[in-house]
Amino acid sequence: MIQITLPDGSQRDFPGPVTVAEVAASIGPGLAKAALVGKVNGQVVDTSYTLTADSPLSIITAKDADGLEVIRHSTAHLLAYAVKELFPEAQVTIGPVIENGFFYDFSYKRPFTLDDLAAIEKRMAQLAARDEPVTRRVLPRDEAVAYFKSLGEHYKAEIIASIPAGEDVSLYREGSFEDLCRGPHVPSTGKLKFFKLMKVAGAYWRGDHRNEMLQRIYGTAWATKDELQQYLTMLEEAEKRDHRKLGRELDLFHVDDHAPGLVFWHPKGWTVWQGVEQYMRRVYQDNGYQEVKGPQLLDKSLWEKTGHWDKYRENMFTTESEKREYALKPMNCPGHILIFKQGIKSYRDLPLRYGEFGQCHRNEPSGGLHGIMRVRGFTQDDGHIFCTEDQILPECVAYTTLLQKVYADFGFKNIIYKVATRPDKRIGSDEVWDKAEHALIECLRASGCEFEISPGEGAFYGPKIEYTLKDAIGRQWQCGTMQVDFSMPERLDAEYVGEDGARHRPVMLHRAIVGSLERFIGILIEEHAGALPTWLAPVQVSVLNITDAQAEYARDVVKTLKNQGVRAELDLRNEKITYKIREHSMQKLPYILVVGDKEKAAGAVAVRARGNADLGVMSLDAFAQLIAGDIASKR
């Protein structure tokens, strides 16, 4: 007799070994039809999996996160199946699940076209409609290598050959197509209904540029038609908001092959940058931070002491001078410890908060660069707090409150909180990690925040809280961070004199609110679709005359507004007023002021707000009060 325990605590008895599918059928025909996989003792398994002993079991359907991942995994195999039917000479390589979808890499004699993509998607739908069973078998490694070589699948044979000798491998078959895979998979292709192929891109075999360039087909898959449509609609909206496109249209910045991964800021874009930096500088000043500035180049020996040289060397830019090796700093932390160590520090000095707009460089792979979101040179609103263990909790709580206010001022209210815990490769004792993780968890509890745990996602020197923003179209952006570090002060011999007169190590809290200013500005551009709030807009008001008779008055209006700190520009071109209004509207300006003879005579302005809203005619003083309130409230 075998007893199966279900998630609600109920139990079902079976006379002997039983499959996941049979358990689902015993509960009801609806669940039997909906079952995609099962979860046994935390492991996701096929519905054909046989339980031979008393076990807890969850039946996973498309409504579950695990079910959606299996759908995407299985749809990647369906893609490979369709490609092999249409292009038999193509060789399959790997096809993993990624965020919101999947991809599969192929080797083929010519590039796939958009027409090919449409044909592949059509064939996938036909294969799904056949509702062919997906079955699993196991082969010894060497037999599997020989099998795939016999099929002409040399990439797949190479993958299997890299598995240790003597091990077995699992294969999954659907119709005429069989693929190497650990699984699990949906029970039949008919479970795969809502998918779309998105694009084709290049990808090197095993990610090495010295190897053959393969073709990577990306796709997305969802549990329901509505979810698929919502995702495609979101992508359409995201394309309209793409910061690279808007950066060009609004003349904010550009990136150039002469400096890959670095940003050329134009006057308007630099105005936005300055708005963010000056705001954050006031945050420093109002919350007890002392602003510092560290050098760009630091000796290799410092990075060896901190552990970065061993853990992060491949992402660092290095140079040499007078037989000494240096690295461009990828982060600001060691420099702040060197500043802390100058002079004797007392417990009375703690917490000591340093802030820096620190320029960092990281050697990101060229394929990962993305506008100003992913760059090689960036500036962080970087801060480090040196404190005692007893001060960790109040400092983290105060920081979380501050971060929430900053994000609200930039227009973000929806924040996701995650605690990233110790990774396998780390420095420091388990006792130290226990203390650090406990402090961060208690900080979020004390702040009243709901949070998730991200096991193993911490930095090598300490755990962290990740503060993730959810934007206007539902995308998530991880920006802020708070990291507790007991190790780096130890490694660099930082200390303070305690109340007992003895020397003690400070705890180091690494924190950033917006993170990379470049990336955060890209997020802001996409969040607001280029229509930045008035306080951040590079041009807040444009003043347009109708004829030359109002030119001097228009100049006076601009001068008055500028004297009040408003970023105003003047357009005296000899063009039709409707043309000028349309052109300035496309620049997403908060306000456009039109002045004709009537406005000039009355000392007034005709006000148009963003979105083609006509606010009517008002005195210049009234408008000045309106925009001042707009700027002050950060609406």
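Values in this text are rule-based calculations from the coordinates and carry no lab data. Since this is a predicted model, take the numbers as computed values, not measurements. As a convention, Cβ positions derive from the backbone with ideal geometry for all residues, glycine included, and neighbour counts pool all protein chains shown.
Other residues whose C-beta falls under 14 angstrom from the C-beta of Ala62 contribute a net charge of +1, scoring Lys and Arg +1 and Asp and Glu -1. Length gained on full extension, Gln625 to Gln285: 119.7 nm, using 0.36 nm per residue less the C-alpha separation. Its Cα gyration tensor gives segment 251-295 an equivalent ellipsoid, and the semi-axes of that ellipsoid, as √(5λ) in whole Å with the largest first, are 28, 15, 6. Restricting attention to the chain, close to 85% of DSSP beta bridges with both partner residues there are antiparallel. Evaluated over the Cα positions of segment 1-109, the convex hull gives a direction-averaged projected area, one quarter of its surface, of 8.4 nm².
The label point for Lys341 and the one for Lys413, both projected 7 Å from the Cα toward the Cβ, are 4.8 nm apart.
Please work out, to two decimal places, the log10 of the ratio I(q)/I(0) at q = 0.20, 0.24 Å⁻¹ from a Debye calculation in which every Cα of segment 98-149 carries one identical scatterer. With one equal scatterer per Cα and no solvent, log10 I(q)/I(0) is -1.08, -1.05. Look at the alpha carbon pairs under 8 Å that are at least 6 residues apart: their mean separation over the length of segment 106-172 gives a relative contact order of 35 percent. For a Förster distance of 25 Å, can you work out the FRET efficiency between the beta-carbons of His266 and His370, rounded to the nearest 0.05? That pair, His266 with His370, gives E of 0.85. From helices alone, the chain scores -11000 deg cm²/dmol at 222 nm; the rule is -39500 (n - 2.57) for each run of n ≥ 4 DSSP H residues, then divide by the residue total.
Placing pseudo-labels 7 Å out from each Cα toward the beta carbon at Ala165 and Lys562 gives an inter-label distance of 8.0 nm. Between Asp299 and Ala32, the simple label model (points 7 Å from Cα in the Cβ direction) yields a spacing of 7.5 nm. Between 0 and 90 degrees, the angle of helix 114-130 with respect to the longest Cα principal axis of the chain falls at about 40 degrees. With 0.36 nm allotted per residue and the present C-alpha distance subtracted, the Thr468-Asp434 stretch has 9.9 nm of extension available. With K and R counted +1 and D and E -1, the other residues having a Cβ less than 12 Å from that of Asp105 yield a net charge of +2. log₁₀ I(q)/I(0) of segment 456-589 at q = 0.09, 0.12 Å⁻¹, via Debye over equal Cα point scatterers, no solvent, to two decimals? Listed by q, the Debye log ratios stand at -0.55, -0.71. For segment 257-338, the fraction of C-alpha pairs more than 14 angstrom apart is 73%.
Near the amide H of Val514, within less than 5 Å, lie the amide hydrogens of Asp381, all on another chain or at least 5 residues away, with H placed in the peptide plane.
Of the Cα atoms belonging to segment 59-197, the radius of gyration and Dmax stand at 14.8, 44 Å.
Normalised Debye scattering of segment 502-566 at q = 0.12, 0.18, 0.19, 0.28 Å⁻¹ gives log10 I(q)/I(0) of -0.58, -0.83, -0.86, -1.15, counting only Cα atoms as equal scatterers and leaving out solvent. Calculated FRET efficiency, Glu89 to Ser55, Cβ-Cβ distance, R0 = 35 Å: about 0.20 to the nearest 0.05. For segment 553-635, the fraction of C-alpha pairs more than 20 angstrom apart is 28%. For a 4.7 Å threshold on C-beta separation, the list of partnerless cysteines in the chain reads Cys181, Cys333, Cys360, Cys387, Cys449, Cys479. Across the chain, the mean sequence separation of Cα contacts (distance under 8 Å, 6 or more residues apart), normalised by length, yields a relative contact order of 9 percent.
For segment 417-462, the Kirkwood radius over C-alpha pairs fed into Stokes-Einstein at 20 °C and 1.002 mPa s yields D = 198 µm² per second. Based on the Kirkwood approach, the hydrodynamic radius assigned to segment 333-471 is 17.1 Å, with every pair of different Cα atoms included.
Helix 577-586 axis versus longest C-alpha principal axis of the chain: approximately 50°, rounded to the nearest ten. Note on Lys63/Gln229: beta-carbon distance plugged into 1/(1 + (r/R0)^6) with R0 of 22 Å gives a FRET efficiency of 0.80. Dividing the radius of gyration of the alpha carbons in segment 203-307 by their Kirkwood radius gives 1.11 for Rg/Rh.
For segment 376-416, the alpha-carbon coordinates run over 33, 29, 16 Å along the three principal axes, in decreasing order.
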